[in-house]
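Written out below as structure tokens is the structure these notes cover.
Just so it is clear, none of the values below were taken in a lab; they were calculated from the coordinates. What you see is a predicted model, and the numbers here were worked out from it, not measured in a lab. Please note: Cβ atoms are built from the backbone with ideal geometry, for glycine as well, and neighbour counts cover all protein chains shown.
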Amino acid sequence: MQAPGLRQLCEIRAELGAPIEKGGGPGGRWRIIPIIGGVVEGERLSGRVLNLGADWQSVYDAGYAELDTRYVIETHDGAMIDIRNFGFRHGPPEVLARLAAGEMVDPALYYMRTTPRLQTGDPRYAWLNHTIFIGTGERLASAVRISVFEVL
């Protein structure tokens, strides 16, 4: 069998609100990070991220974060697309400390990968409902940038 290929779908820049700390338990802590807007740019998918969603994040003492987001895109032509995005972020402790402090960090220095699932009732974008995507990400001071790729 041939290995799957990738084709870029879009880049999402999701603007983030202040984290809401939920506390934690043995091995980690939990928080909710509101997604308050943003932009989507791509040849086949473009629009804006609505102020409607959040990242329910678990940060583990073992040195990694589990990302679990849900938010909505409104495309340039009026379609509504729901995104559920699960992933992981980890890296060397000193790099993660810089990220936590809001510093700009080269994304090559840490691992941030996701598996976005896109759903819509708009027939123009129905193909999104049955396509596999992967994402590679970058954490910015008050935003996240995700490059989304279609798995061919």
Formal net charge of residues neighbouring Phe133 (Cβ-Cβ distance under 12 Å; K, R +1; D, E -1): +4
Span from the the stretch 106-142 Cα centroid across to the the stretch 35-105 one, whole angstrom: 9
Top of Pro19, Pro34, Pro93 by mean-square fluctuation, Gaussian network on the chain, Cα under 10 Å: Pro93
Gain in span if fully extended, Tyr60 to Gln8, counting 0.36 nm per residue against the direct Cα distance: 15.6 nm
Electrostatic dipole magnitude of the stretch 6-151 [Cβ: Lys, Arg +1; Asp, Glu -1; Cα centre; debye, to 20]: 200
Estimated FRET transfer efficiency (Arg117, Glu43; beta-carbon r; R0 22 Å; 0.05): 0.60
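Can you give the net charge of the other residues whose Cβ lies under 14 Å from the Cβ of Glu150, counting K and R as +1 and D and E as -1? Write out the running numbers ahead of the final one.
On the way: positive: Arg7, Arg44, Arg117; negative: Glu11, Glu43.
Net charge around Glu150: +1.
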